[in-house]
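Enquirer: I am attaching a structure below and will ask some questions about it afterwards.
The values are calculated or read from the model by the stated rules, or taken from the named source; none is laboratory data. Given the structure is predicted, the values throughout are model-derived calculations rather than measurements. Using ideal geometry, Cβ is built from the backbone for each residue, glycine included, and neighbour counts are taken over all protein chains shown.
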Amino acid sequence: MTQVSRQQWGKVSGLGSVDIWVLQSSQLKVEILTLGAIIRSVCCRGKDGQMEDVVLGYDDLEGYVSDKRYLGAVVGRVANRIAQGRFVVEGKEYQLDINNGPNAIHGGLWGFNKAVWLATGVEGGVKLTLTSPDGDQGYPGEVEVSVTYTLQEETLTAEYQARSTKTTPINLTNHSYFNLAGQGAEDIYDHQVSISAQNFLPVDDTSIPTGEIRAVEGTPFDLRKQVLIGTQLKEVPGPGFDHNYCLSLPKDPWTERHAARVCHSASGRVLEVSTSQPGVQFYTANFLDGSISGKGGLKYGKHSAFCLETQNWPDAVNQASFPDCLLHPGEDYQHVTRLTFTTV
């Protein structure tokens, strides 16, 4: 049985009050903010029985208001990058704000992560809703969005839904940073990861997919069998992993399937991810640089966490061979991601 409670957590100038919702089962305790539909914490047991918070974040609301790394947030309308911030829909070109090198990322300068969502309790969880007006951050159509978090024993489920008044690209995900040793641990080098993908997307020097769908076999990106993250990072070119893994190909993109497993042997904690999204972005916190003061005043440095952002493929609105990311009027956008925390 999951207990659900809420309380006011603070106020944001111009946006109003922010609540914190607490979901607690016999296995997990999860905190959700109405700001950005943020997963603020996930507390789970290790093999020693001790509860640890495994999600990076901040002690106070101001940390999240000023955050630039999307810690724990739902990002949208479109997660990940759109090349040059430009796309064409139904013959009309749209220009978004540029906020990641030459590209647009995670919905724009004022994306869903900076909005206060409306929240209502549901059985075992909370449903958060948001109205994104026509033209929001440059995107067409008024979009009604919801994410419902529910907790059942050791599994946290996120169900996303949206409808739009105009054809618009949409790609929602959660951007939680995890460290299974506990959110204050220095790095993730002692974590083991496997991702159930035969292919990944190579990227250019601005992290936009080149259009190639490349087999992982024979590359440092082959994570089909469990590997030690610290060892594998030495093989990957650049600062680390920040790549989309193709869980499915365009002909069958929307079936729920196992995506990834991460194990931290020292604590015994295991995270398993399943999703109906066609991709997952594996990111090793390459751009955390010690400048962020997180919970308890801890400094979050490079490779101090990992993200598994279940998503459509990046820049899909500009790449015809990728799974379709357009939501048309009268259609329902929906997908589900499940995070299961266990021990070995």
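Enquirer: Among the residues of segment 286-321, write down those that are in contact with a Cys (Cβ under 7 Å, 6 or more places away or on another chain) and either small (G, A, S) or part of a helix (DSSP H, G or I) (or both).
Expert: Correct list: A316, V317.
Enquirer: Now a separate question. Restricted to segment 61-97, and to residues that are acidic (D, E) and in contact with a Phe, Trp or Tyr (Cβ under 9 Å, 6 or more places away or on another chain), which residue is surrounded by the fewest Cβ atoms within 10 Å (Cβ to Cβ)?
Expert: E93
Enquirer: Can you pull out the residues in segment 1-25 that are under 21 Å from G124 (Cα atoms) and modelled with pLDDT under 95?
Expert: M1
Enquirer: Please specify each residue of segment 258-285 satisfying the condition of being surrounded by 15 or more Cβ atoms within 10 Å (Cβ to Cβ), under 18 Å from the mean Cα position of the chain (by Cα) and more than 16 Å from V227 (Cα to Cα).
Expert: The answer is V273, S274, T275, S276, Q277, P278, G279, V280, Q281, A285.
Enquirer: Out of curiosity, is Q334 polar (S, T, N, Q) and crowded, with 18+ Cβ neighbours inside 10 Å?
Expert: For Q334, the condition - polar (S, T, N, Q) and crowded, with 18+ Cβ neighbours inside 10 Å - is not met.
Enquirer: Do we find that G111 is more than 19 Å from N171 (Cβ to Cβ), crowded, with 22+ Cβ neighbours inside 10 Å and among the small types (G, A, S) in this structure?
Expert: Answer is no for this residue.
Enquirer: While we're looking at this one, here's another question. Limited to segment 228-277, what total is found for residues that are part of a strand (DSSP E or B), in contact (Cβ under 8 Å) with a residue 60 or more places away in the chain and in contact with a Ser or Thr (Cβ under 9 Å, 6 or more places away or on another chain)?
Expert: Of the residues in that region, 14 qualify.
Enquirer: I208 passes all but one of (1) out of contact with any strand residue (DSSP E or B) (no Cβ under 7 Å at 6 or more places or on another chain); (2) more than 25 Å from R338 (Cα to Cα); (3) among the β-branched types (V, I, T); which number fails?
Expert: (1)
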